[in-house]
Each structure stands twice: as structure tokens, then as C-alpha cells.
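Every number in this text was worked out from the coordinates using simple rules, so none of it is lab data. What you see is a predicted model, and the numbers here were worked out from it, not measured in a lab. Cβ sites come from the backbone with ideal geometry, for glycine too, and all protein chains shown count toward neighbours.
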Amino acid sequence: MVQHRIDAGTDIACVGIWDAGLPPLRRVPDAKEVEASAVRGEALPIETSADGGYVLEILVEESFVAPAGRTYETLERDYGLNLASGTALVGGFEDFRSRRPQITSEEDLIHVEPSWYRVRVHLNRIDPEYVEALSHDAAERALSPEELARHRQLGRYGNAGCASMLLAVPLFIVAGRSNGATALIALVAGLVLFTAPAWLNRLAKRRGDLELQQRYESTRARATPPDVVLELWRTDAPLPGGRVSLEAAREEQLPSRAARHR
């Protein structure tokens, strides 16, 4: 039993999982070719309806149990997936059978027993605002009181830096339209305000606040529940494949296979 958590990004509103051993194509496959590959079980495209990042959790020979208080919906049907090479690639579908992957890397590879797999799909139905609050709460609890105070101060530094850059713009305009001392004073003041974020960033780095921010965000990421969970179960016989549409699943409000996970 193995678990994998993949942060998948996409610029074509589609992520997925496919056999990394499939030979690369000389050109980007069109919609009909992708559909044919999905039906053959060579890939499982997941249409997200929007670009961005999506967290996929892959469970190999393990059932998914949603944590208490978190709602997931299990799709009615299972999907066939042929991982004959024993290596699957999970990520943005723009890299499907690509000669030059742009959005996936070796970190997105998972290794399994070469076989056909029956894939069960669970979709996150947790309120996004609740997820956001949940992740921030987990990240704050992982910090000491002193670290939390520093982290909040770092946020104020960021706000101050953005404000100073905005204030610099009218000063540059004044400098460009004026002459003599007025132009010089406006230019110097604008440069001071415009470079303030860089000095604040250097100060934060010297104090170790950037490492603190990275630790905070890492904890947040781990506490964020996956958008899609895929269970992979080995099967002796091939199964029909297909594609998943998150938007269509939401609209149809598909019932779960046996019981809705809560």
C-alpha cells in the first residue's frame, strides 16, 4: 500500500495520470486522439475547467477514507488504466506523450507493478473558504508564539512594500514633468519608495524570516486536502477507460458508489 501526493499544474485546464512508458509523439495530440487514448486506458484525463494548481493523491492498493469533517464524493464508475511500463506520470495533461515536458518532472513519477489498474475517483467537496482557513490554522499551530509573531510581521512588511511601490509611481510622473530641484527630489523619493521592498526582503532574509515563510507555506500545503483522490487497484483483465470532468461531476452531483464519504 503506497500513497503519493502530487501538486499538478496545468495551463490547459486538464490534469491526469498516464503510462510514462508510452512513446512520445512528434506533435501535440488533438482532442480525438486524447479521447481515443483515454478509452483505450492509456491515460485518465481529468478536466478541471480552469487553469492552475490541483493536488492529486494517488493510493495504490489502498482504500481512501476521508478525514472526519471533510466531504468527498465517489464517482459512480471506475476507469481502466494500463500502466504496462510500471511507471505513471501525474500532472498537467499538456505533457501527455510530449517529447519536451514543460510542466511535469521526475518528481511527478510514481512506480507501480506493471499491470492494468481499476481506478476509483473521489472528488473534494469541501468548501474552499473552509479549506483555506483550515490550512492557515494548521500552519499557525506549527509555529511557536515568537515565530508566529515574526510571520505576521513579515506579512505587514509585504503590504508595506506593495504600498511603497504604488506611492513611487506618481513621484516618477512628477519627476518626469518637472525641472530642477523639484524633479530631483521627486526622483530620489520615488527611488527610495520603489526599492523599499528589496530592502525589506533583505532584512527578512537576514533574520531568517524567509525560511520561516517557506516552512509556513509547506505546512499549509500538507494540510490542504487533495482536490482529487485516485485509488489504483490491480486487475487481471483490461477495463474500459475514459475521462473525468470536474465541472460535469459537480453539476450532476453524482451519488457515491456505496456511501458518501464524510
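Want the number for LEU109 to ARG177: 0.36 nm per residue separation, take away the alpha-carbon distance, what's left?
Once the chain is fully extended between LEU109 and ARG177, it gains 18.8 nm.
So which GluC sites (Glu not before Pro) in the range 1-97 pass both tests, a DSSP loop state and at most 10 other Cβ atoms within 10 Å of the Cβ? Numbers along the way, then the final one.
Numbers: sites: GLU33, GLU35, GLU42, GLU47, GLU57, GLU61, GLU62, GLU73, GLU76, GLU94; in loops: GLU42, GLU61, GLU62, GLU76.
Nothing satisfies the criteria.
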